[in-house]
Amino acid sequence: MEKGDEGYGEWEELVAAALLGTDRRRGGGPAGSPEALLDAAAVHAVRRRAGLRPAAAGPRPEPAPRDPRPAPPRAAGRRLAQLLAGRSGAVNGGGRRGTAPDLTELLPQWLAAAARHGYRAPNALVPALLDAARARTDLRPQALALAGTRGLWLARLNPDWRFALRGGAGAAGELPDVTDRAGVERLWQEGLFAERVALLGAVRAHEAAAAPRLLSTTWATERAEDRLMFLDSLRVGLSAEDEPFLEAALGDRSRNVRATAAELLSALPTSALAGRMAERALACVGPEGVTPPAECDAGMLRDGVVKRPPAGRGERAWWLGQLVEAAPLSCWRERFGGLGPAEIVALPVAAGDGWTEELHAAWCRAAVRQRDAPWSRALLGPASAPPAAGPGTASLAERAKLLETLPDEERAQWVAEFIRAHGLSEAFQLLGVCVVPWAGALGRAVVDALDTARDAGSYPWSFSGVMGLAERCLDPAEADRLEALTAAAQDLPDAAPGAAAYWAEAFQRLVATLRLRAAMLAELA
Amino acid sequence: MTEQGDRWTAEQVLALAPDDASRKAGGRLGGAGPWLQIGGSASGSVWGLCKGSGSKPYRTVVDLTGPAYKCSCPSRKFPCKHALGLLLLWSAEGVGEPAEAPDWAAQWLADRAAKAERPAGGRAAPVDEEGARRRAERRAARIGAGVTELEQRLADLLRGGLAGQEQSGYAGWEETAARMVDAQAPGLAARVRELGTIPSCGPGWPARMLEEAALLHLLDRAWCGVAGLPEELAATVRSRVGLPASGEGEAVRDRWLVLAQYDTVSPDGRLTTRRIWLRGLAGGRPALVLDFGPPGRPPGLALPVGLVLEAEMRFRPGSAGLRADLGERFAAAVPCAEVPAGVSAGAALEAYGAALREDPWLESWPVVLGPVIPIPGELGWQLADAEGTSALPVPLTGGGSRSRGGLWQLAALSGGGPVTVFGECGHRGFSPLTAWQPDSTEPVALA
């Protein structure tokens, strides 16, 4: 080895010789055998490894800002790790799911509960949380909020997580202070769309009138779809401060923008547009009957009325509907001699002319738009009445929207009564608008209806939608009551084959999921 | 249990799970719901009856000194989901005051205790020393022939030059590796395979290939002269070539802290190797316990990170005194209450360098590093001393390197601040395996 070591002084020289091969080595350096070359390289290799020195440290990252929120209790943290790990575990598509709870659905609930308790994510789980937020946009706001400052700090270091820095509730730290005029101005001019929407929201929350001012600065140069999205973002927290801007937008180049502006204005009962629409609607509808407009004039067009009806609908009914929909509901009391909504809805107005359906449908849309609970209540009618006989509308989608304007408790009660009267097959959409966890009476109505469906001998997957909802929405306290339903009963004579066992399995899964949710919420407390 | 504070964490329990499905199933049994008659003894066991779908509940017992498990369920997984659930329940809530085990649990526990007291092994048949010697000679001769052939191959490589390697591909080396297997030198075979993969590893491959070829050559030469080497070095050479350790090494009793446990799967997917790193809390000695699992099955031994077991470790001769087998255990494993002390980047490399004196083929040395700050970088990560300017690079590819996910977890734990990290420090850099945050004694196993 000594000899070889003298022959090849430098490592680079050794590598060069090895690349070329000893056969091709010409005169000059010491002629070497392959063995001598390997001997020398071995000495170099061991010497290099034994003599390694640390490298010079690169620039250290700025420390992450402190997150003052507490970490969740250890059991809760472990649960989150489990839920995040189960996220990728595919739920076997279709068919039976067995008795195992579906963890994917529990993750949003865990995040929501943790947010209510004001926890931050355990540090070790922040990367998994960011990955989850990247994969599922529906989880993003809550996941990012939980990840907090540590999440943003990591996102700045890893391009895969850049999304976390763009807008959304989680990136609130990235927005300039709303009182920092220059900062606001700069982000508004240069920001990404999502950042600008978030900025607009922040500015509005701070000072209602400032948002339209900000919007006006660039309005003329925005693309039509962006104008529409900005307008749409005004929907939440709409106030009279927005009226002048919206009124101006009625003259917009884009029809969609015009229509949205008109819709927003009509949801402001005191707006000039609402007043104009009331005037037009009152001229058409009264105790004496219904006379739809004979033409769609320029004023109506400017106020957002769409002239051409969709195929299959009459022009005049179409215009009538739009006028009534946009008129403030408050205008009808006086027109009908001081009657309340329920009495007005019950009047046989225009029954003879066949306009009733059109009128009621328009009132439904107005009640939803103006979030008017008394009118919604009147239009929904009693829950036990057959849907087709309801005063307002038989459409479940529209009924669901009407329900959303009612207070939480009343909503749950109405749906519970509906289920008791009509069963589950039509209740899915209505259940979707009820507050989670379901109120006691509602939960009991659902469980009783499921039990009834079992007794009727159908298969549980006919109710898989409601079952899935129940796993997410039933109060965990119901688990004990449900336990009795998990025993596998004998198949009833009329039942589909094997149905009893499948039902037992479905109820077992429901109970297991509820228990898991209860444990999960207890861990977070 | 002796005291409530000695319970394991849920992570430590879950580290025992043979697979993901068991981990999830065990998690669902970790609440009080399905359990009856749970209890534990002062000597380190827990038991309980678990309601299943059948009429009879399953009888589950765990001996925490093992840990060892017994359950009447039909599962062939060890531990089964019931044992995991029982341990999780114990981890979360405890099982009450120490008590007498019920009959069904007591019998198994007594059998285990009796087995432990019997003297270990004691070779059954008288050893056929003459036969063993002849077999060893035959094997040595075959290895010798393999070494000669390998030397020839290396000489050819250097004569023709490395430059052609990028084109000539892997097949030739695979063939040479197969011949080393035939020569009963699996250690050489593994190094040859590794050598064959280098030309496709990107820039700088010629230097790496020369280095590996030279170390292989060094091993060949050492084997040829093994009779003249000092005994420790000779033992190292034999084990590097792939011969099983001959003779008993030193037995060391200590309280051993589990620093890391991770699995690697052989390139053909046929063998899972589990590495468990330990350190003696009193003596400071590092130990590496290896366990192997056949295709589709995890290795049998599982020691959760952060537990301390009082046990005897039997060190094999050679290989810088790292390889050890777990001997008798004296008490139930308990969580460690402190963060092990870390050293600087410079000291970590010195420790590796010193270990190379005993085993020049050593890839890395186990080191607790800290306090250090992880520095993520587009081109590569570093772990930098919290004070001063020294840093160790983190290898992103090659043997022993961790996944990116584990590194981001490390960054998330640090948040730009100092952490303590256990890992393997070698000529490629430092591969982090376990980390401790400043305000917690709980180790986090990096993915």
Inset, instruction - For region B:71-76, just list the computed ³J(HN,Hα) in residue order, Karplus coefficients 6.51, -1.76 and 1.60, θ = phi - 60°, integers in Hz, with x standing in for Gly and Pro. - result: 8, 7, 6, x, 4, 9
Inset, instruction - For chain B, just list the percent of Cα-Cα distances falling in each 20 Å bin from zero outward, please. - result: 22, 51, 26, 2
Legend entry - Loop GluC sites (Glu not before Pro), region A:338-378 (other Cβ atoms within 10 Å of the site Cβ: 15 or fewer; DSSP): none
Inset, instruction - Sort out the exposed loop GluC sites (Glu not before Pro) in chain B (DSSP loop, at most 12 other Cβ within 10 Å) and tell me the longest stretch that has none. - result: B:101-247
Inset, instruction - Can you check how the C-alpha radius of gyration of region B:329-392 compares to 2.2 N^0.38 Å, as a plain ratio? - result: 1.44
Legend entry - Stokes-Einstein D (µm²/s) once Rh is taken as the Kirkwood radius of region B:1-89 over alpha-carbon pairs, at 37 °C in 0.692 mPa s: 255 µm²/s
Legend entry - chain A: equivalent-ellipsoid semi-axes (sqrt of 5 x gyration tensor eigenvalues, Cα, Å): 62, 37, 21
Inset, instruction - Bin width 5 Å, alpha-carbon pairs only: give the P(r) of region B:33-190 as whole percents, running from 0 to the bin holding the largest distance. - result: 2, 7, 12, 12, 8, 5, 4, 5, 7, 9, 10, 9, 5, 3, 1, 0
Legend entry - Long-range HN-HN contacts of B:Ser45 with modeled amide H, under 5 Å: B:Leu64
Legend entry - Built amide H within the under 5 Å cut-off of A:Val290, gap 5+: A:Ala350
Inset, instruction - With θ set to phi - 60°, apply the Karplus curve 6.51 cos²θ - 1.76 cosθ + 1.60 along region B:338-354 and write out the HN-Hα couplings as whole Hz, x wherever there is a Gly or Pro. - result: 9, 8, x, 6, x, 10, 7, 4, x, 5, 5, 5, 4, 4, 5, x, 5
Inset, instruction - Kindly state, as a whole number, the per residue volume in cubic angstrom of the convex hull around the alpha carbon atoms of region A:399-525. - result: 95 Å³
Legend entry - Unsatisfied cross-links (Cα-Cα over 22 Å) in the set B:Lys51/B:Lys77; B:Lys81/B:Lys115; B:Lys56/B:Lys81; B:Lys24/B:Lys70: B:Lys81/B:Lys115
Legend entry - Computed over region B:260-395, Cα set: Rg, Dmax in Å: 16.7, 48
Inset, instruction - Starting at the first residue of region A:404-419, write each ³J(HN,Hα) from the Karplus equation 6.51 cos²θ - 1.76 cosθ + 1.60 with θ = phi - 60°, in whole Hz, x for Gly and Pro. - result: 5, 7, 7, x, 3, 5, 4, 4, 4, 5, 4, 5, 4, 5, 4, 5
Inset, instruction - Under 30 Å Cα to Cα from A:Lys307, which lysines show up? Leave out anything in the same chain fewer than 8 places away. - result: A:Lys401
Inset, instruction - Please order A:Lys401, B:Lys81, B:Lys51 by the number of other Cβ within 10 Å, starting at the fewest. - result: B:Lys51, A:Lys401, B:Lys81
Legend entry - Residue-averaged beta-carbon neighbours from other chains (10 angstrom radius) around A:12-18: 4
Legend entry - Along each principal axis, Cα extent of the protein assembly as shown, largest first, Å: 120, 78, 47
Inset, instruction - Taking H placed 1.01 Å from N in the peptide plane, check which residues at least 5 places from B:Trp381 or on another chain put their amide H under 5 Å from its amide H. - result: B:Val394
Legend entry - For region B:327-447, radius of gyration divided by Kirkwood radius, i.e. Rg to Rh on alpha-carbons: 0.99
Inset, instruction - Enumerate by residue number the GluC sites (Glu not before Pro) in region A:197-306 meeting two conditions: DSSP loop (anything except H, G, I, E, B), and at most 10 other Cβ atoms within 10 Å of the site's Cβ. - result: A:Glu288, A:Glu295
Inset, instruction - Nearest 5 is fine: what % of DSSP beta bridges in the protein assembly as shown come out antiparallel, could you say? - result: 95 percent
Inset, instruction - Can you check how the C-alpha radius of gyration of region A:433-489 compares to 2.2 N^0.38 Å, as a plain ratio? - result: 1.10
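Quick note: the coordinates plus some simple rules give every number you see, no bench work behind them. From a predicted model like this one, the values you see are computed outputs, not experimental measurements. Note: ideal-geometry Cβ built from the backbone for every residue, glycine included; neighbour counts use all protein chains shown.
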